[in-house]
1. Filter segment 141-150 down to the residues that are at pLDDT 95 or above and assigned to a helix (DSSP H, G or I), then identify the one that is farthest from residue 84 (Cα to Cα).
2. Answer yes or no: is there a residue in segment 100-114 that is in a helix (DSSP H, G or I), among the charged types (D, E, K, R), within 30 Å of residue 205 (Cα to Cα) and under 30 Å from the mean Cα position of the chain (by Cα).
3. Output the number of the condition that residue 351 fails; it satisfies all remaining conditions of (1) assigned to a loop (DSSP other than H, G, I, E, B); (2) under 30 Å from residue 304 (Cα atoms).
4. On the given criteria, is residue 350 aromatic (Phe, Trp, Tyr) and modelled with pLDDT of 95 or more?
5. Filter segment 371-392 down to the residues that are of a type in the set (Ser, Thr, Tyr) and farther than 17 Å from residue 414 by Cα and list them by number.
6. For residue 254, only one of the following conditions fails: (1) closer than 27 Å to residue 171 by Cβ; (2) buried (at least 17 other Cβ atoms within 10 Å of the Cβ). What is its number?
7. I want to confirm something. Restricting to segment 25-37 and keeping residues that are touching a Phe, Trp or Tyr at 6+ places or on another chain (Cβ under 8 Å) and more than 14 Å from residue 64 (Cβ to Cβ), which single residue is surrounded by the fewest Cβ atoms within 10 Å (Cβ to Cβ)?
8. When the residues of segment 166-185 are narrowed to those that are touching a residue at least 24 places away in the same chain (Cβ under 8 Å) and surrounded by fewer than 16 Cβ atoms within 10 Å (Cβ to Cβ), which ends up farthest from residue 123 (Cα to Cα)?
Amino acid sequence: MLWQRNAAEIQDILNLECWKDPKFQKLLTPVLWLRNATEIQDILKLDCWKEPKFEKLLTPNIWKCTATEIQDILNLDCWHHPKFQTLLTPVIWQRDTTEIQDILKLDCWKDPKFQDLLVPSIWLSNAQNVKDIVNLDCWNNPEFQRLLTPSIWASNATDIQDILKLDCWKDPKFQASLMPSIWTSSAQNVKDIVNLDCWKNPKFQSLLTPMLWQRNATEIQDILNLKYWNDPKFQDLLTPTIWSTNATEIQNILNLKYWNHPKFQKLLSPGIWQRTATEVQDILNLDYWENPKFQGLFTPSLWQRNAEGIKEKLELEYWEDAKYKHLLIPSILAISTKNIEGNIKLLEKYDISNYIVAACLRWTPNRQKKLIEYMKRNNISLTIPNPKGEQILNPILNVSKSQLKQKYGIDIKTIETARIPEGENR
């Protein structure tokens, strides 16, 4: 786009005074060359940019509009209404003044059941489509009103009507799959999917969930026609998460030689669909599984990380120290290496590393440090006796944000933003 301008025009644009204002500097992107210096100046000198509610509209795609178009949109009376101000996002530049006005003057916005549809993604749809959708008779049926979510703007009135008039929704086995995610699918695809013969088999009916709409009928049939589902060891893999992968990947994973060995069969859980066949193979080929101290990690939790992520954790020097070996449990794989290292160092600093448990490693070292300092300032012991009289880490350091507030009356947000008093930031 730069080549659409000559050297003098480029210089005029870059020499504009407006670029000294930090709020306009983020607009300096290649899309800028769609406009000349005069047009840019006309846009940026508009008074509306002094209003906080319009500032978030200052993004590079503003250059697709003229100053007049922008002014016409931002001068609409509807923006005085707080209900509509949430729609002021950069996506709005995809619509013109007339369409915006036509959408926002619809009477449906007075009806509570349509309130959740007033989100910025509405601008991805045109005024006629919005009107046609909200005017559908099906919304008078309470059973369908739960489908009125923003994802509906990905569809159109004809598809919506065709989907909701399908007889299958009277069948209990299909009702769980009738959720807003269905709007990402076309009416023809929904029809093809619900008409598949495989749903007559009780073994497959548990797969009828909203995740189903991530796939088309052919992909679903290819997956369910695979020979593996007759093998008892693979039965537990038939869960809705299977729709996040495809028939080829499933085949590649289940063809791996490992599954003939009982040692590996215990790893066959739905979490495996998070990984590709190559990733599964890389994980199972890691040398660590020959080491007895890592055997406790050889569970389906492995699929939470790829081989590199697992390797990074298992190479930490702390596992050479006997006092940390009890941390080698499946949940450790879900904790970032940074948090593991940072928190162990932190607890060593406060002489409480002998009481460390995996749960306290989940939080950032910064949060834990501020919480420890708060406990010290308020004379709350960092360790407490358990029922057997043995000292353990105070559970305050293990629990979630909500539990901290509900059970202990501690607001972690307040603590995290508080300045540590002089002398305590050791």
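1. Only one residue tops the list, namely 144.
2. As a first pass, look at segment 100-114 and keep what is in a helix (DSSP H, G or I): 100-104, 107-110, 112-114.
Within this subset, residues satisfying the condition of being among the charged types (D, E, K, R) are 102, 107, 110, 113.
From what is left, the residues that are within 30 Å of residue 205 (Cα to Cα) are none.
Among the residues of segment 100-114, not one is in a helix (DSSP H, G or I), among the charged types (D, E, K, R), within 30 Å of residue 205 (Cα to Cα) and under 30 Å from the mean Cα position of the chain (by Cα), which makes the answer no.
3. Among (1) assigned to a loop (DSSP other than H, G, I, E, B); (2) under 30 Å from residue 304 (Cα atoms), residue 351 violates only (2).
4. yes
5. Within segment 371-392, the subset of a type in the set (Ser, Thr, Tyr) is 374, 381, 383.
Result: 381, 383.
6. (1)
7. Result: 25.
8. Within segment 166-185, the match that is farthest from residue 123 (Cα to Cα) is 173.
The values are calculated or read from the model by the stated rules, or taken from the named source; none is laboratory data. Predicted model, so just to flag it, every value in this text is computed and none were measured. Note that each Cβ is placed from the backbone with ideal geometry, even for glycine, and that neighbours are counted across all protein chains shown.
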